[in-house]
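J.: Sending over a structure as structure tokens; questions will come in a sec.
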């Protein structure tokens, strides 16, 4: 079973072998509102844990995307660049952002599981 | 001097509980808790206003009434650069309060009514505007910044049909004209106007009856729309947002609002800042507000620097967003005068990278006003 983990910056991450798929959570998509622009990292570029890995913009404002783990980008989801509204309709499935080859699997242990993340969003909602 | 902390309680409009019941998300805006969007989101709300009828609570805006006749016109013309001598009864005009250096204290809509003038002011400026106008007019005239009134705007192609169902003969009003009407024996004032680039009405009515009135409009097909969509709608229509596209340092001429200064006033002057504005009109103009269309999907927010193709800085963006009806990124900003011609290629610096854009004619979205 591949458990999905979550970051405090509202990204989700699913690890299969040493390839991690990363996107933003449904909660994040709802907070942002209608998403109208996405910028993704370049393929083959290296990203560090908590480093900047793109931008999403809604009708309201721009927000940075941070990568919850370090690694090398192997694939970006062009379909969300072409139609950013997909992030609002299916954020935790088809509208993934990028895949990376994970550098250190131990970084996964620092992230939250679903239950912990739900609790985290509830506590931080106001 | 010690630190003076002014604690202001955020205010609520008379429709606050109703917005809440509709699932509105609120934001603090000019001291008010205002709905930024409802459950369907900004893009849907924007499109609904363009295709049907959107209803906006704009009760945070100032509604100033000044009583007086010819004496008042003379005094008001010293601070408002339009021809108030020739404004017709119930006619509305877009204008502004200018300052001594030709900048803008606030933009406003002024309407001639039977006993004087009604002026609609921006929420963030209204208290200061009241003070400025009071100082300019002295104690000769009665001034009321009415807090017992709400203001709602019904905007979109179905507005007239919906409102006519509730207020008979309202659809005979022409754009930028108003009149008194009655709703269940309550007097209300309606103008055919708005700030979305659509046909529509602004309705001033007592706080006591605004909620039932809004509910009737909703039952006839209007839908509540938040400030988020109001911003994308006005930007597509090329309209200025005070504090962003215009402020105390921008003159009306730089802001491309020369049309809003009456011809007689441009020639005769006699209002604050006229010297600067006159020299602008005579060609001493270094910058101009223009529409800007990024060529890709990149969104250029307020503060984005603008460069010429040979990479000299030539201005900055004052408003930028995604325009749902034009289905793309749109913006407005000031550029050096030589770069203001529509079609001019420019560069926008976003997050350290430069992106291609062109100076675009305003509005981005064609208006549907009923003349």
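The values are calculated or read from the model by the stated rules, or taken from the named source; none is laboratory data. All values reported here derive from a predicted model rather than from experimental measurement. Cβ coordinates were reconstructed from backbone atoms using ideal geometry, including for glycine residues, and neighbour counts include every protein chain displayed.
J.: Do we have residue B:130 as buried (at least 17 other Cβ atoms within 10 Å of the Cβ), within 20 Å of the chain's Cα centre (by Cα), assigned by TED's automatic domain parsing to the domain that holds residue B:71 and within 30 Å of residue B:68 (Cβ to Cβ) here?
T.: In short, yes.
J.: Taking region B:89-112, which residues are touching a residue at least 60 places away in the same chain (Cβ under 8 Å) and more than 18 Å from residue B:248 (Cβ to Cβ)?
T.: B:90, B:91, B:92, B:93, B:94, B:109, B:111
J.: Tell me which residues, restricted to region B:19-55, are in contact with a helix residue (DSSP H, G or I) (Cβ under 8 Å, 6 or more places away or on another chain) and either more than 26 Å from residue B:161 (Cβ to Cβ) or loosely packed, with under 15 Cβ neighbours inside 10 Å (or both).
T.: B:26, B:27, B:29, B:33, B:34, B:36, listed by residue number.
J.: Mind checking which residues of region B:20-32 are within 14 Å of chain A (Cβ to nearest Cβ) and either in contact (Cβ under 8 Å) with a residue 60 or more places away in the chain or under 21 Å from the mean Cα position of the chain (by Cα) (or both)?
T.: B:24, B:25, B:26, B:27, B:28, B:29
J.: Continuing with this model, one more query. Under 8 Å between Cβ atoms, which residue pairs at least 6 apart in sequence (or on different chains) link something in region B:38-55 that is closer than 16 Å to residue B:218 by Cα and within 14 Å of chain A (Cβ to nearest Cβ) with a partner that is in a loop (DSSP other than H, G, I, E, B) and at pLDDT below 95?
T.: Listed by first residue and then by second, the contacts come to B:48/B:40.
J.: Something else about it: Looking at region B:1-18, I want the residues that are in the same structural domain as residue B:210 (by TED's automatic domain parsing) and have a partner that is at pLDDT below 95 and assigned to a helix (DSSP H, G or I) with Cβ atoms under 6 Å, at least 6 apart or on another chain. Which pairs are those?
T.: Every condition considered, no pair remains.
J.: State all residues of region B:259-305 that are within 14 Å of chain A (Cβ to nearest Cβ), within 25 Å of the chain's Cα centre (by Cα) and buried (at least 19 other Cβ atoms within 10 Å of the Cβ); if no residue qualifies, say none. It would help to see each step written out before you state the result.
T.: Residues of region B:259-305 that are within 14 Å of chain A (Cβ to nearest Cβ), as a first pass: B:294-304.
With the extra rule that they be within 25 Å of the chain's Cα centre (by Cα), the set shrinks to B:294, B:299-304.
Selection gives B:294, B:299, B:300, B:304.
J.: Restricting the search to region B:264-289, which residues are touching a helix residue (DSSP H, G or I) at 6+ places or on another chain (Cβ under 8 Å) and either closer than 18 Å to residue B:343 by Cα or assigned to a loop (DSSP other than H, G, I, E, B) (or both)?
T.: B:269, B:271, B:285, B:286, B:287, B:288
J.: For residue B:97, are the conditions met, namely being touching a helix residue (DSSP H, G or I) at 6+ places or on another chain (Cβ under 9 Å), surrounded by 18 or more Cβ atoms within 10 Å (Cβ to Cβ) and not in a helix (DSSP H, G or I)?
T.: It is true that residue B:97 is touching a helix residue (DSSP H, G or I) at 6+ places or on another chain (Cβ under 9 Å), surrounded by 18 or more Cβ atoms within 10 Å (Cβ to Cβ) and not in a helix (DSSP H, G or I).
J.: Moving to a separate point now. Restricting to region B:306-357, name every residue that is surrounded by fewer than 17 Cβ atoms within 10 Å (Cβ to Cβ), more than 27 Å from the chain's Cα centre (by Cα) and assigned to a strand (DSSP E or B).
T.: Within region B:306-357, B:313, B:345, B:353, B:354, B:356 meet the criteria.
J.: Search region A:58-78 for residues being within 14 Å of another protein chain (Cβ to nearest Cβ) and over 14 Å from the mean Cα position of the chain (by Cα), and hand back the single one that is nearest to residue A:45 (Cα to Cα).
T.: A:78
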